[in-house]
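Down below is the structure, laid out as structure tokens.
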Amino acid sequence: NNPFQWYAGIAGLSLAHALSRSEEIQIDIFDSRSELDENTGSGIQLTGGMAALRKISPQLHRNVADASIPLERVVSRCRPWFGNSSEPWKLLELDIQNAIRSNVEDLVTDSGEILAYTILRGTLQRILNEDLIREHNTQVQFGKRLCGLEYSDSDGIKLQFTDGSMADTYDLVVGCDGIKSVVKDFVNTGKTGVSTKKGSSSALYSGIRITFAIQDGDETDGGTITGAQFSQYFGNGAYALTSMYGAGKGKPPAKGAFLIYGDENYIGPFPKRKPDDASSVTTKPFDENADWTQDNRVSKDHVEDCLNVLQAASIPSSDVAKIVENSDRFFDLGVYFHNPFSPWVREFSKNDSGWFGSRTAKYAVLTGDAAHAMPPFLGQGANQALQDAVCLSNTILLYNKQFKQSSTESDNVDLKALLKEYENRRWLPTASITAKSAFLGYLEAGSSFFSNFRDVFFFVMGKLGVAEKVFMDSAKPKL
């Protein structure tokens, strides 16, 4: 009856909404940040995540949809291989609205609404937080950075924070704390106490970096933009993406430009050896802001470096450079993902007679990026987090229902089995998307021969309908 969740990102806030359907559950949410900053983070697409929001609350879904803009199409282009023309070659085009209407009925409402939108991450978090306060009177406790978990047979789970404080005892800890999850470190190792690590041992650096720029909307454009298009531009050793993102109801949409390229110190996920010291390797510091929910802004002095990469890669678009040069916020990060075979659930302790009975045991469980951080190249991180929230909340509510209906210890009410069922249900779709996203990331940032192979690959996959199928399979909700 007393679950705790840490980090008020998309996973944590949406899970709080889903659990608030029951008045019997006390929810505490802690966040390491001092406040939610709507200007932090990138733009995202919402497909299956919108279906999840609709299941949690039709009104919450409506509020998010009103703040977003419809995603209409995806177009991929490359630089010309030969000739004097500077006009980019079109490799594929996906009509998202028609493809969903024809192939994914779960993303079409009874009224005909297509559940495919774009929105700024910060705007989505603001709406989730404001609605949580207004509808359920649940407040996020900011300025609380988790550093460890403690457990006692009599009290249950206690939380330790870096400011020296400790939180009340809990029956269930839900780690929504992203790629650097302290909760995941416990789930992986089973070790309680203060953690000295800077993140989970299952987090992997891909060797791919993303620089992105956000340009706030122009009031003069607000009434003329009816939908968003993802425009990909492939170059040699890098590619760029531009789009429009909803910034709130009644506000003009923002523009986003993303530059994706390989880390020069890495070959894929493997660090290169330094030429002057064969015993050492170059690595990215793990304490960089590797997730998409923290403030990883960099100075606009970085703009020149970004423009140099665009020029060196022969990215065939002036739109990218314009957004970069006129951006209001500028970010740089490395792409990390979790080992998909690491666990999501762990029981806290055992007594002298063996494992605690399922009626008294305490657990930690993961959701969102803490469970399955994935490369962003299919745009599914937020969507999968929202679907996790629905599935995990259903699991917890089902356990409470079964527990109330049971009368003795011998009754088969097994929270551990239910949590493992949640993990098994969500593992296959998230692991599959992680693998596909990693493959696409390395393919799309290929150089020399691999860039030409990529262009042919995308052209053929577009003609065969494979590209549309991959996008639709990832977008389809799996609840």
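The values are calculated or read from the model by the stated rules, or taken from the named source; none is laboratory data. These figures come from a predicted structure and were not determined experimentally. Reconstructed Cβ throughout: ideal geometry from the backbone, glycine too, with neighbour counts over all protein chains shown. Surface accessibility is based on the protein's heavy atoms, side chains included, excluding ligands, DNA and RNA. Shrake-Rupley method; radii C 1.70, N 1.55, O 1.52, S 1.80 Å.
Results, tabulated for the structure shown:
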quantity: Pairs with Cβ under 8 Å, 6+ apart, first in the stretch 459-473 and in contact (Cβ under 8 Å) with a residue 60 or more places away in the chain and within 20 Å of Phe234 (Cα to Cα), second buried (at least 17 other Cβ atoms within 10 Å of the Cβ) and small (Gly, Ala, Ser); calculated: Met461/Ala467; Gly462/Ser76; Glu468/Ala99; Glu468/Gly462; Phe471/Ala99
quantity: Some residue of the stretch 465-476 being farther than 29 Å from Glu264 by Cα, part of a loop (DSSP other than H, G, I, E, B) and either modelled with pLDDT of 95 or more or within 21 Å of the chain's Cα centre (by Cα) (or both); calculated: yes
quantity: Number of positions in the stretch 312-331 that are open to solvent by 30 Å² or more (accessible area, probe 1.4 Å) and either within 25 Å of Tyr442 (Cβ to Cβ) or in contact with a Ser or Thr (Cβ under 7 Å, 6 or more places away or on another chain) (or both); calculated: 3
quantity: Only listed residue being open to solvent by 20 Å² or more (accessible area, probe 1.4 Å), without any contact (Cβ under 8 Å) to a residue 40 or more places away in the chain, part of a helix (DSSP H, G or I) and aromatic (Phe, Trp, Tyr), chosen from Phe439, Phe403; calculated: Phe439
quantity: Residue list for the stretch 109-119, restricted to those being over 15 Å from Asn383 (Cβ atoms) and touching a strand residue (DSSP E or B) at 6+ places or on another chain (Cβ under 8 Å); calculated: none
quantity: Any chance Gly379 is within 11 Å of the chain's Cα centre (by Cα), within 24 Å of Ala438 (Cβ to Cβ) and open to solvent by 10 Å² or more (accessible area, probe 1.4 Å); calculated: yes
quantity: Asn424 over 17 Å from Val75 (Cα atoms), surrounded by fewer than 15 Cβ atoms within 10 Å (Cβ to Cβ), out of contact with any helix residue (DSSP H, G or I) (no Cβ under 8 Å at 6 or more places or on another chain) and modelled with pLDDT of 95 or more; calculated: yes
quantity: Filter pass, Ile114 being closer than 21 Å to Gly9 by Cβ and either open to solvent by less than 10 Å² (accessible area, probe 1.4 Å) or out of contact with any Pro (no Cβ under 6 Å at 6 or more places or on another chain) (or both); calculated: no
quantity: Residue in the stretch 166-188 that is modelled with pLDDT under 85, more than 22 Å from the chain's Cα centre (by Cα), over 28 Å from Leu259 (Cα atoms) and open to solvent by 60 Å² or more (accessible area, probe 1.4 Å) present; calculated: yes
quantity: Filter result (within 14 Å of Leu132 (Cα to Cα) and in contact (Cβ under 8 Å) with a residue 40 or more places away in the chain) within the stretch 16-29; calculated: Ala16, His17, Ala18, Leu19, Ser20, Arg21, Ser22, Ile27, Asp28, Ile29
quantity: Cβ-Cβ under 7 Å pairs, at least 6 apart or on other chains, the stretch 300-326 side more than 20 Å from Ser76 (Cα to Cα), far side surrounded by 15 or more Cβ atoms within 10 Å (Cβ to Cβ) and aromatic (Phe, Trp, Tyr); calculated: Lys300/Phe330; His302/Phe330; Val303/Phe330
quantity: Test: Val413 is among the β-branched types (Val, Ile, Thr) and either in a helix (DSSP H, G or I) or at pLDDT below 95 (or both); calculated: yes
quantity: Lone qualifier among Ser206, Ser280 - being open to solvent by less than 40 Å² (accessible area, probe 1.4 Å), part of a strand (DSSP E or B) and modelled with pLDDT of 90 or more; calculated: Ser206
quantity: First in the stretch 48-66 and within 18 Å of Ser20 (Cα to Cα), second anywhere and basic (Lys, Arg), Cβ under 8 Å, 6 or more apart; calculated: Ile56/Arg21; His61/Arg54; Asn63/Lys249
quantity: Condition met for Ala385 (out of contact with any strand residue (DSSP E or B) (no Cβ under 8 Å at 6 or more places or on another chain), modelled with pLDDT of 90 or more and assigned to a helix (DSSP H, G or I)); calculated: yes
quantity: Residues located in the stretch 247-266, provided they are open to solvent by 90 Å² or more (accessible area, probe 1.4 Å) and either modelled with pLDDT of 90 or more or over 19 Å from Gly441 (Cα atoms) (or both); calculated: Lys249, Lys251
